[in-house]
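Below is one structure; the comments refer to it alone.
No value in this document is a laboratory result; all are computed from the given coordinates. Everything quoted here is computed from the prediction, not taken from an experiment. So basically every Cβ, Gly included, is an ideal-geometry build from the backbone, and we count neighbours across all protein chains shown.
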Amino acid sequence: MKKINHKLHVNKIKKQGYTVIKNFLSTTELSLIKKKVKKIEKQKNTVKTGNNIWHLHNYDRIFTKIICKKEVQKILMPLLNDPFYKTINLKLPNYILGESMIIDEKGFMNLHLDSYIPSSSSKLYMANVLFLLDDRTRDNACTILVKKTHRKDSYPDRNKKNYNYLYLEGKKGDLIIYDSRIWHGRCEAKINTPNRTLVYIVQSWFIKQRFDYIHLLPNRIYTKLNNLEKQFLGFCSIPPKDNKKVISLRQGYEVLKNKKN
Ligand SMILES: [Fe+2]
């Protein structure tokens with residue numbers, strides 16, 4: 001991996017809604033991840049829909065480690081950190097995971113927003129982070145997007161056929177990050193080559209997680225995580241069960257336990 005110009009990528013995401021970081025993963029990291037994915041795929045309890053695998057971080061710590069890499073943090077923090085989150089050092093992330101999965105699809109997917117909420121605000125609150133495990137091209141169903149729509153205040157018109165797509169192509173090991181507000185989808189594959197992608201939705205702490213990861217994360221994984229990783233999975237911003245005891249929603253590492261209850 002070459003030295004990353006984080007500011008450049010932050011600005012690209014702000015201005016054009018996406019960025020591509022070439023050769024982000026080393027060949028060793030890439031083969032380790034692929035090996036782990038293969039193993040998880042074969043397990044009986046794995047949550048799958050078709051070839052897609054859900055909630056990777058629930059099976060192996062590596063899937064939290066990879067998204068919590070310093071090099072990723074340096075890009076996501078200026079975009080997603082809450083500047084008023086004072087119970088955690090502001091030099092550390094306070095954003096959380098919304099969802100993690102492996103996507104392995106070949107069919108066309110119509111334009112949509114993963115943020116669900118269109119907004120023209122300059123403030124971003126959700127990002128898609130894609131680690132390419134295989135090469136992805138316009139021939140094997142790469143992500144498509146419509147330029148500049150991350151600042152559009154509306155949903156795509158799915159009946160309109162003549163959108164000018166940008167084909168988000170990349171090589172295995174590349175990292176793609178885009179603003180979840182951008183209108184995106186997938187083009188249909190013309191060839192049958194593997195195109196697996198490890199996808200994370202990462203969001204500001206105040207956005208509701210899509211699954212109850214606090215509940216779903218097995219204790220055997222929880223005990224392996226460091227404080228930063230536990231916070232990332234949402235353990236510092238659990239909605240309080242007792243509204244008399246807890247009044248601060250932005251909690252620090254001191255609430256983290258060694259074991260889950
Ligand atoms: Fe999406």
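Being farther than 28 Å from I96 by Cα and either among the aliphatic types (A, V, I, L, M) or within 17 Å of the chain's Cα centre (by Cα) (or both) is true for just one of A189, A127. Which residue is that?
Exactly one of A189, A127 is farther than 28 Å from I96 by Cα and either among the aliphatic types (A, V, I, L, M) or within 17 Å of the chain's Cα centre (by Cα) (or both), namely A189.
Can you work out which of the residues in the range 168-198 that are surrounded by fewer than 20 Cβ atoms within 10 Å (Cβ to Cβ) and aliphatic (A, V, I, L, M) is farthest from D153 (Cα to Cα)?
Filtering first and then ranking leaves I191.
Checking the structure you have, find out if any residue of the range 41-59 is part of a loop (DSSP other than H, G, I, E, B), under 27 Å from N94 (Cα atoms) and basic (K, R).
no
Let me spell it out: the conditions are (1) over 17 Å from N128 (Cβ atoms); (2) hydroxyl-bearing (S, T, Y); (3) assigned to a strand (DSSP E or B), and T19 meets all of them except one. Which number is the exception?
(1)
With (1) more than 13 Å from the ligand (Cβ to nearest atom); (2) touching a Phe, Trp or Tyr at 6+ places or on another chain (Cβ under 9 Å); (3) free of Cβ contacts under 8 Å to residues at least 60 places away in the same chain as the list, and N159 as the residue in question, which single condition is left unmet?
Here N159 meets the rest and fails (2).
Across the range 112-129, which residue is surrounded by the most Cβ atoms within 10 Å (Cβ to Cβ) among those that are assigned to a loop (DSSP other than H, G, I, E, B) and within 16 Å of the ligand (Cβ to nearest atom)?
Going through the qualifying residues, I end up with L124.
For residues in the range 89-109 being within 19 Å of A127 (Cα to Cα) and among the polar types (S, T, N, Q), which is farthest from the ligand (Cβ to nearest atom)?
N94
Please go through (1) closer than 26 Å to F63 by Cα; (2) within 16 Å of the ligand (Cβ to nearest atom) for D135 and return the number of the only condition it doesn't satisfy.
(2)
For the range 169-187: of the residues being away from the ligand (no atom under 16 Å from the Cβ) and in a loop (DSSP other than H, G, I, E, B), which is nearest to K22 (Cα to Cα)?
Of everything passing the filter in the range 169-187, D174 is nearest to K22 (Cα to Cα).
Does any residue of the range 69-82 turn out to be within 16 Å of the ligand (Cβ to nearest atom) and assigned to a loop (DSSP other than H, G, I, E, B)?
There is no residue in the range 69-82 that is within 16 Å of the ligand (Cβ to nearest atom) and assigned to a loop (DSSP other than H, G, I, E, B).
Would you confirm whether any residue within the range 130-145 is of a type in the set (K, R) and surrounded by fewer than 14 Cβ atoms within 10 Å (Cβ to Cβ)?
Scanning the range 130-145, I find no residue that is of a type in the set (K, R) and surrounded by fewer than 14 Cβ atoms within 10 Å (Cβ to Cβ), so the answer is no.
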